[in-house]
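Just so you know, all these numbers are worked out from the coordinates, no wet-lab data involved. Fair warning: this is a prediction, and the values are worked out from it, not measured in the lab. FYI the Cβ positions are ideal-geometry reconstructions off the backbone, even for glycines, and counts take in every protein chain you see.
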Ligand SMILES: [Zn+2]
């Protein structure tokens, strides 16, 4: 997960990489999987540099902004799905 400050650094590279992947697909007729492996992913490198975790799914990377989620559940510790979540989707605890 990334803080908003870290997200501001990574997000432009996510958009840039997605555009490069799509351009590569159109130009070469490659499949999405082929295009992803052919294009060097700057967003993945920067995410790794910040977190030490090697993400490989560009779509998943778009969901690593911490502020998109709610607080940690006081019962199980998982992040609530949104800041406005009324219950924990992991353990079912209802928000007070
Ligand atoms: Zn929970």
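What angle, in degrees between 0 and 90 and rounded to the nearest 10, separates the Cα long axis of helix 42-51 from the longest principal axis of the Cα atoms of the chain?
Helix 42-51 sits at roughly 40 degrees to that axis.
For the chain, what is the mean residue ellipticity at 222 nm derived from helices alone (per DSSP H run of n ≥ 4: -39500 (n - 2.57); sum divided by total residues; nearest 500 deg cm²/dmol)?
Taking each H run of at least 4 residues, the total per residue is -14500 deg cm²/dmol.
Which angle between 0 and 90 degrees, to the nearest 10, do you get for helix 4-28 versus the longest principal axis of the chain when only C-alpha atoms count?
Taking the Cα atoms of the chain, the angle to 4-28 is about 40 degrees.
Pop a pseudo-label 7 angstrom from the Cα along the beta-carbon direction at both residue 96 and residue 45 and give the gap in nm to one decimal.
Output for this residue pair reads 4.7 nm.
For the chain, take the alpha-carbon Rg, divide it by the Kirkwood Rh, and send me Rg/Rh.
Answer for the chain: 1.11.
Relative contact order for region 4-64: what is it in percent, counting Cα pairs under 8 Å that are at least 6 residues apart?
Dividing the mean separation by the residue count of region 4-64 yields 34 percent.
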